[in-house]
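One structure below.
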């Protein structure tokens, strides 16, 4: 006979790192299947639920879109065909992360440029400061495009 260990939403939240409101929301939109309820109507999570929440928390931490998370969780039951779809979802997420990393790299380059600019100004080298801006106009333009929601171009 298998004994089921039940966990409160607070315990599920602490175990997964997802807030209680996020757990409720994910259940409402179908990321998490319906959770059992105790006799008072409160959510009661099993160990298996907690294991699934761990996966969901990791996917969420990567910034994976909700629809992709939902598909990822569905695919776990589909053997080799599901595994192929998992790789496609993860490849797409890797591309999104690479684009975000490039955007951060450009933002860092901009901050470094402006630091050098203001250092030159502080040292009374306005000509050098102006030259820096002219030489690195591409960085400024790319960061502006990021602000507008555009992609970084090289």
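FYI, it's all coordinate maths here, none of it is from the lab. Please read these numbers as outputs of a predicted model, since none were measured by experiment. Cβ: placed from backbone, ideal geometry, glycine included. Neighbour counts: every protein chain shown.
Structure values in brief
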quantity: Footprinting exposure proxy for 95, 132, 18, 53 (fewest neighbouring C-beta atoms within 10 Å first); calculated: 95, 132, 18, 53
quantity: Spacing of the two label points (7 Å from each Cα toward its C-beta) at residue 134 and residue 102, in nm; calculated: 2.9 nm
quantity: Fewest-first sequence of 3, 143 by Cβ atoms within 10 Å of each Cβ; calculated: 3, 143
quantity: In degrees, nearest ten, helix 79-122 long axis to first principal axis of the chain (Cα); calculated: 30 degrees
quantity: Mean ellipticity per residue at 222 nm, deg cm²/dmol - from DSSP H runs of n ≥ 4 across the chain, formula -39500 (n - 2.57); calculated: -23000 deg cm²/dmol
quantity: FRET E, pair residue 144, residue 91, Förster distance 25 Å, beta-carbon r, rounded to 0.05; calculated: 0.25
quantity: Crossing angle, helix 66-75 versus the chain [Cα axis fit, 0-90 degrees, rounded to tens]; calculated: 50 degrees
quantity: For the chain, alpha-carbon Rg and Dmax in angstrom; calculated: 23.8, 81
quantity: Nearest 10 degrees, 0 to 90: helix 47-61 Cα axis against the chain principal axis; calculated: 10 degrees
quantity: Computed E for residue 61/residue 109 - FRET, C-beta separation, R0 30 angstrom, nearest 0.05; calculated: 0.70
quantity: Taking 43, 100 and counting other C-beta atoms within 10 Å, the order from fewest to most; calculated: 100, 43
quantity: Using distinct alpha-carbon pairs, which all enter the 1/r mean, Kirkwood radius of segment 1-61 in Å; calculated: 11.6 Å
quantity: Stretchable slack from residue 27 to residue 76, in nm (0.36 nm times residue separation minus alpha-carbon distance); calculated: 15.8 nm
quantity: Length gained when the stretch residue 39-residue 14 is fully extended (0.36 nm per residue, less Cα-Cα span); calculated: 6.7 nm
